[in-house]
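Below is one structure; the comments refer to it alone.
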Amino acid sequence: MPARTCCQLSELLGIFYGTRGRVIAHGDGQAAYFSLLRNIVARKVVRLARTLGGIEAKYQAVRSAKRMAFFIELPLPTGMVPPFAQTAARSLPDKPCDRKALLRGVFLGCGSINAPSARYHMELVMPTLGWGTALLRLFHDAGIRAGMMERAGQHVVYLKEGDAIVRCLSTMGASRAVMEFENVRVVRDVAGQVNRRLNFETANIDKTIGSALRQVAAIEKLERTGVLQKMSPALQDMARARKANPELNLSELAARMQLSKSAINHRLRRLVELAEGPQAPDLHSARVGKAS
């Protein structure tokens, strides 16, 4: 419950506009009429009304075949009628604390957040385009990145970034929700990093194995055709080392043979080129310099 009276009224107004509330005639005066789908929000409206001025609301719960609905008729003192009848452009308060309370009320009335384990998505289904624009301005002033779209004839203000959702929850004062959101977010980020690392390493392993198999096949072909025996000792040593260690990558093979990685790569590439060439090489073309 907000401590200040102004914040209490702002939060009540946020729920009123977020749930498409309306002002109706009530005896000799007027009343704010709420139609709610969550009992916890209905109880909050009743508590706010009592705290504001001891206003006793008429509370009714109606069960239908699909859901439970809660209807509240809140008699308004004469001084409280104007705030409930204002347009969206005039309903944004100037004080930061009142803006936070209003945002909290609007979210209670028409907001929802996806489980962060699935995707980052927060949305508020606004009653009018004017209210959607006003809420975007409120988010912009608070440094929160948000957008708006039209869906099924309704104006939806949405947040797609984890940082924006966390900042919005913090602005509304939902500290426990921020902690729960951040916990799931950390687990999701770590899992994503692990998956990316595994995918990267798996791709490298597949590439290494594929290259090694191709090199071993080329060496075996050169052995069968008798070409390998006519090559330089350096290439013969390279062929024996690769055939004996097909699981090693270039760096590991270079360390074992005490050569540079570029030298290993050059010799293996030369062996593959000789085996896969358009015609079998003769002794002169097969014999490469010992420096190779």
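The values are calculated or read from the model by the stated rules, or taken from the named source; none is laboratory data. Since we're looking at a predicted model, the values are computed, not measured. Ideal geometry is used to build each Cβ from the backbone, glycine not excepted, and the neighbour counts take in all protein chains shown. Note: areas computed on protein heavy atoms with side chains; ligands, DNA, RNA excluded. Shrake-Rupley method; radii C 1.70, N 1.55, O 1.52, S 1.80 Å.
Structure notes:
- Measuring nothing but how far apart in sequence close Cα pairs (under 8 Å, 6+ apart) lie, relative to its length, the chain scores a relative contact order of 13 percent.
- With all pairs of separate Cα atoms included, the chain yields a Kirkwood hydrodynamic radius of 24.9 Å.
- Within segment 110-253: Cβ-based charge dipole about Cα centre, in debye rounded to nearest 20 (Lys, Arg +1; Asp, Glu -1): 420
- Extension gain from Glu161 to Arg50, taking 0.36 nm per residue of separation minus the Cα-Cα distance: 36.2 nm
- Rolling a 1.4 angstrom probe over the protein heavy atoms with all chains in place gives the chain an accessible area of 57 Å² per residue.
- Backbone N under 15 Å from the Val81 label point (7 Å along Cα→Cβ), restricted to segment 17-31: 23-31
- Looking at the chain alone, DSSP beta bridges between its own residues are antiparallel in about 100 percent of cases.
- Pairwise FRET efficiency - Phe200 versus Gln229, Cβ, R0 = 35 Å, nearest 0.05: 0.30
- Global geometry of segment 18-78, whether rounded, prolate or oblate, following the gyration tensor of its Cα atoms and the 1.5 cut on a/c: prolate
- The charge dipole of segment 161-245, taken about its Cα centre with unit charges on the Cβ of Lys, Arg, Asp and Glu (plus for the first two, minus for the last two), comes to roughly 520 debye.
- Mean ellipticity per residue at 222 nm, deg cm²/dmol - from DSSP H runs of n ≥ 4 across the chain, formula -39500 (n - 2.57): -18500 deg cm²/dmol
- Carbon + sulfur, % of accessible area of the chain - ligands and nucleic acids excluded, 1.4 Å: 53
- The overall shape of segment 77-136 is prolate: from the C-alpha gyration tensor, with semi-axes ordered a ≥ b ≥ c, the ratio a/c is 1.5 or greater and a/b exceeds b/c.
- Residue list for segment 190-220, given a label point 7 angstrom along the Cα-to-Cβ vector of Lys243 and an amide N cut-off under 20 Å: 209-220
- Taking the Cα centre of the chain as reference, the dipole from Cβ charges on Lys and Arg (+1) and Asp and Glu (-1) amounts to some 320 debye.
- R0 of 45 Å, Cβ-Cβ distance Ser251-Arg176: FRET efficiency to nearest 0.05: 0.35
- Residues of type lysines that Lys243 reaches as a straight line, Cα spacing below 24 Å, ignoring anything fewer than 8 places off in the same chain: Lys207, Lys221, Lys230, Lys261, Lys290
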